[in-house]
Amino acid sequence: MLNEKEVKELKLFSKTIQMYTMKTIGSLGVGHVGGSLSIADLLAVLYGKEMKFDSKNPEWQERDWLVCSKGHAGPAIYSALALKGYFPESELMTLNRPGTHLPSHCDRNLTTGIDMTTGSLGQGASTAAGVAYGMKLDGRENKAFLILGDGEIQEGQVWEMALFAAQQKLSNLIAFVDYNHVQLDGYTDDICSLGDIKGKFEAFGWFAQDVNGHDVNEIQGAIEKAKSQNVRPSMIVLETEKGHGWSEIAGGINGHCPAVSPEQLKEALAEMQSDYEKIEEGLL
């Protein structure tokens, strides 16, 4: 379990990731806001506590790998990477512009710190399992972390990967579902209900947990339990809110890839800054 100081630091890191994500998308005026904001708490735990990495040596062989299969959440990943020193924060303002190193979806050939190109939903699941399998064959102790969207796991490829990972006993694979209940054009329950995600992965031979995806202590505790597995791959289902942190879109179906006007950006940042100050004061 995290101590009080660590919880506070991770909460502040998460809120900073959210603010940088808003600035990044706001500089372009449109982008995948909702699904980027909903994983900020997870990213804070991964980059602030759990993952082994070296921003000065991005190809370090002993690093843990992160595959964000929901590649449209790239702006949140970029914000975390910039905050950890992988590239100058000023580069965030070049999102999806000509010549940028930061495309709208993750691309390992363009962005320092991105381990796997993603965006075609479902494929990141297979590549993450391949990474974990390769680590196992090489006798390495690295971990492969995988982030999936909830609408994304309607893809059959994800379940083929689930079978493979259990068969190969990929205990070095720790996956997350960002269960924010909203996909591109509606609520997941209306489009293709996911039912009991935890139970489904357990039936496929995984160690699975349900946690509050906006509680850094719960997330970190779940990762520690996952790391203790020595046979089964792990799935952590994060109960989240799409657009978390910006009340104008939070939880709604209008937050997948909205336009962000200068006024909306200003209002969102003011709301997030207020929350940041409350965290500093111990009020949130």
At least 30 Å along the helix axis (C-alpha) and Kyte average at least 1.6, DSSP helices within the chain: none
Can you tell me the dipole magnitude for the stretch 108-216 around its Cα centre, using point charges on the Cβ only (Lys, Arg +1; Asp, Glu -1), in Debye to the nearest 20? 600
Debye calculation, C-alpha points only, no solvent: report log10 I(q)/I(0) for the stretch 57-197 at q = 0.09, 0.15, 0.19 Å⁻¹, in the same order as the q values. -0.29, -0.78, -1.13
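Assuming R0 = 30 Å, can you tell me the calculated FRET efficiency for the pair residue 89 and residue 254, based on Cβ-Cβ distance, to the nearest 0.05? Provide the component values of the computation, followed by the final result.
Numbers: r = 29 Å, r/R0 = 0.95.
With R0 = 30 Å, the Cβ-Cβ based efficiency is 0.55.
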If you bin the C-alpha pair distances of the stretch 9-50 every 10 Å from 0, what whole percents do you get? 33, 50, 16, 1
So between residue 267 and residue 140, what do we pick up on full extension, going 0.36 nm a residue minus the alpha carbon distance? 41.1 nm
Here, the stretch 162-284 modelled as identical Cα point scatterers in vacuum has Debye log10 I(q)/I(0) at q = 0.15, 0.20 Å⁻¹ of -0.83, -1.09
Starting from the 7 Å offset along Cα-to-Cβ, what nm value, one decimal, do you get for the label separation of residue 160 and residue 274? 4.8
In angstroms, what radius of gyration and Dmax does the stretch 1-116 have, counting Cα atoms only? 13.5, 44
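Sorted by packing (mean other beta-carbon atoms within 10 Å per residue), highest first, where do 262-271, 27-36, 146-155 land? Don't jump to the answer; show the numbers that get you there.
Details: 262-271: 14.9, 27-36: 22.6, 146-155: 24.9.
Highest-to-lowest ranking by the protection proxy: 146-155, 27-36, 262-271.
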Shape call for the stretch 94-167, from the Cα gyration tensor axes a ≥ b ≥ c (a/c under 1.5 means rounded, otherwise prolate when a/b beats b/c, else oblate), comes out oblate
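Enumerate by residue number the GluC sites (Glu not before Pro) in the stretch 60-124 meeting two conditions: DSSP loop (anything except H, G, I, E, B), and at most 14 other Cβ atoms within 10 Å of the site's Cβ.
On the way: sites: 62, 89, 91; in loops: 62.
Those satisfying the criteria are 62.
Please work out the average accessible area per residue across the stretch 166-284, using the 1.4 Å probe convention, and give it in Å².
Working: 5470 Å² over 119 residues.
Result: 46 Å² of accessible area for each residue.
Would you kindly state how much longer the chain becomes between residue 212 and residue 228 on full extension, computed as 0.36 nm times their sequence separation minus their alpha carbon distance, in nm to one decimal? Could the numbers behind the result be given before it?
Working: separation 16, 0.36 × 16 = 5.76 nm, distance 2.01 nm.
Net length gain for the segment: 3.8 nm.
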The stretch 22-92: relative contact order from alpha carbon pairs under 8 Å, six or more residues apart, as a whole percent, is 36
Considering only protein heavy atoms and a 1.4 Å probe, what is the carbon-and-sulfur percentage of the accessible area of the chain? 50
On the first, second and third principal axes, largest extent first, how far apart are the outermost C-alpha atoms of the chain in Å? 51, 45, 43
Positive-end extreme of charge dipole, the chain - chosen from 55, 39, 187 (charges on Cβ): 55
Residue pairs, from the table 56/227; 143/169; 70/278, whose Cα atoms sit over 21 Å apart: 56/227; 70/278
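The values are calculated or read from the model by the stated rules, or taken from the named source; none is laboratory data. Predicted model, so just to flag it, every value in this text is computed and none were measured. Note that each Cβ is placed from the backbone with ideal geometry, even for glycine, and that neighbours are counted across all protein chains shown. Areas reflect the complete protein model, heavy atoms only, side chains present, ligands, DNA and RNA absent. Shrake-Rupley method; radii C 1.70, N 1.55, O 1.52, S 1.80 Å.
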